[in-house]
1. Test of understanding: among A:L51, A:L68, A:L72, A:L91, which residue is over 11 Å from the mean Cα position of the chain (by Cα), more than 9 Å from every other protein chain (Cβ to nearest Cβ) and of a type in the set (A, V, I, L, M)?
2. Listed residues A:L91, A:L87; which is surrounded by 24 or more Cβ atoms within 10 Å (Cβ to Cβ) and either more than 25 Å from A:W154 (Cβ to Cβ) or among the acidic types (D, E) (or both)?
3. Residue check: is A:A150 in contact with a Lys or Arg (Cβ under 9 Å, 6 or more places away or on another chain), assigned to a helix (DSSP H, G or I), within 13 Å of chain B (Cβ to nearest Cβ) and at pLDDT below 90?
4. Taking the conditions exactly as written (in a loop (DSSP other than H, G, I, E, B) and either more than 14 Å from chain A (Cβ to nearest Cβ) or at pLDDT 80 or above (or both)), does B:G147 satisfy them or not?
5. Any residue that is over 17 Å from the mean Cα position of the chain (by Cα), closer than 30 Å to B:D101 by Cβ, surrounded by fewer than 24 Cβ atoms within 10 Å (Cβ to Cβ) and facing another protein chain (nearest Cβ under 8 Å) - is there at least one of those in region A:15-22?
6. Restricting attention to region B:13-52, and to residues there that are at pLDDT below 75 and not in a loop (DSSP other than H, G, I, E, B), which single residue is nearest to B:L149 (Cα to Cα)?
7. Working carefully through the options A:A141, A:A133, find the one that is away from every other protein chain (no Cβ under 12 Å) and over 18 Å from A:W75 (Cα atoms).
8. Of all the residues that make up region A:154-201, how many are outside any helix (DSSP H, G or I), surrounded by 18 or more Cβ atoms within 10 Å (Cβ to Cβ) and within 13 Å of another protein chain (Cβ to nearest Cβ)?
Amino acid sequence: MHIAEGVLTAPLLGGGAALTAAGLAVGLKKMDYDKLPRVALMAAVFFVASLIHVPIGPASVHLVLNGLVGLLLGWAAFPAIFVGLALQAVLFQYGGLTALGVNTFSMASPALLCYWIFAPLTRGESRALALAAGFGAGSLAVLISSLLVALALWLTGEAFVGMSKALVLANLPIMLIEGVITALIVDFLRKARPAMLGAGGI
Amino acid sequence: MFKKISLCLLLALAALLLSAGLAGAHKTNVFAYVEDGRLMGEGYFPGGGKAQGCKVEVFDASGKLLGAAKTDAQGQFSMPLPQGRPPFKVVLQAGEGHRADYSLSAQELGLADGGQPAPAAAQPEAAAPSAAAGAAVSQAALEKSLGRLLDHKLGPIKAQLARLAGDRGISVHDVVAGLGYILGLMGLAAYMRFRRQDGEKG
């Protein structure tokens with residue numbers, strides 16, 4: 001889901017960069033420096049996750065894990081995902097450097113949304129509800145990211161319905177896998193280190 | 001405790017990576033070569049996925065569209081070699097924001113710098129004695145068919161070379177480099193924080 005160099009138009013690149021800059025500013029301002037290692041750890045997880053390729057379905061898809069990043073970081077998902085994507089672009093040639101703004105926004109804003117929706121549920125009493133919330137965060141983040149990428153491509157003239165259908169279908173296995181991974185990690189953290197799911201996020 | 005969890009997470013990721021190999025990726029590649037008056041090539045994703053049914057466009061040095069083709073089920077395309085000013089740029093649109101290009105120099109196109117086909121190995125001894133005229137004609141025919149035969153035989157080698165030139169896979173070094181950068185950024189942020197604290201105290 002990395003958009004490559006030369007696909008998007010200049011206004012779209014500019015808009016994405018502006019939105020990402022705003023997200024980064026809020027993320028950095030809200031970031032509690034005592035939780036710096038956590039942000040760095042999640043950036044590393046996001047950076048490496050893209051190498052895990054899932055050979056199911058018609059297209060070339062890989063793990064994103066932005067739902068997990070969002071759930072554990074809240075607003076700080078913006079800087080974490082930005083750093084991860086920048087390094088992927090430079091070292092792996094995934095996605096264009098000029099498209100970094102659009103790519104960061106399309107990955108980090110669903111992460112933040114999932115944090116708002118699901119993070120309170122993961123802290124609740126009910127284990128089943130927490131598991132469901134973990135699954136929801138993992139899969140919904142990928143779904144919304146796919147739709148945002150489709151939207152960006154639609155603005156450059158591709159047909160939206162066909163495009164989003166293709167992207168969502170290609171990422172369907174990823175949604176399921178990430179839902180399960182995120183639910184398992186939430187369950188583990190509830191037992192081992194509930195503070196990581198703690199109120200207030202970062 | 002946090003250290004232990006981080007370590008576990010990183011180890012789990014490392015194990016996943018090893019099991020998945022570093023093959024998985026998301027970058028699109030395209031290469032092209034000239035064989036027997038046709039422009040051939042292939043589009044693929046690292047890890048073996050073929051870019052099927054994708055649009056391929058060829059542009060000349062001034063950016064003028066020279067021709068278009070579609071890749072088949074093997075990810076391959078072929079079109080009559082268009083005329084234009086070299087170098088050509090072959091652009092593959094793999095959909096969903098994937099795009100790759102490959103540049104074909106005048107040399108690779110078998111053209112002299114002016115864009116004209118290179119004179120076929122000069123005139124075969126123009127001043128041949130009249131007695132050998134018949135031999136000269138057959139020599140010209142021989143050169144032509146030999147040229148075609150060589151093109152045919154060398155096609156796969158050219159394809160492989162083009163693929164090697166365009167394909168720089170992801171190495172473990174890249175992954176380690178990225179993780180190192182993240183660690184470094186974390187250190188930098190911590191350093192800035194401590195400096196600010198010192199300033200406040202002093």
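1. A:L72
2. Sole residue among the options that is surrounded by 24 or more Cβ atoms within 10 Å (Cβ to Cβ) and either more than 25 Å from A:W154 (Cβ to Cβ) or among the acidic types (D, E) (or both): A:L87.
3. When the stated conditions are applied, A:A150 passes them.
4. In short, no.
5. no
6. My answer is B:A20.
7. After applying the criteria, what remains is A:A133.
8. 1
The values are calculated or read from the model by the stated rules, or taken from the named source; none is laboratory data. Please read these numbers as outputs of a predicted model, since none were measured by experiment. Here the Cβ is made from the backbone with ideal geometry for all residues, glycine too, and neighbour counts use every protein chain on show.
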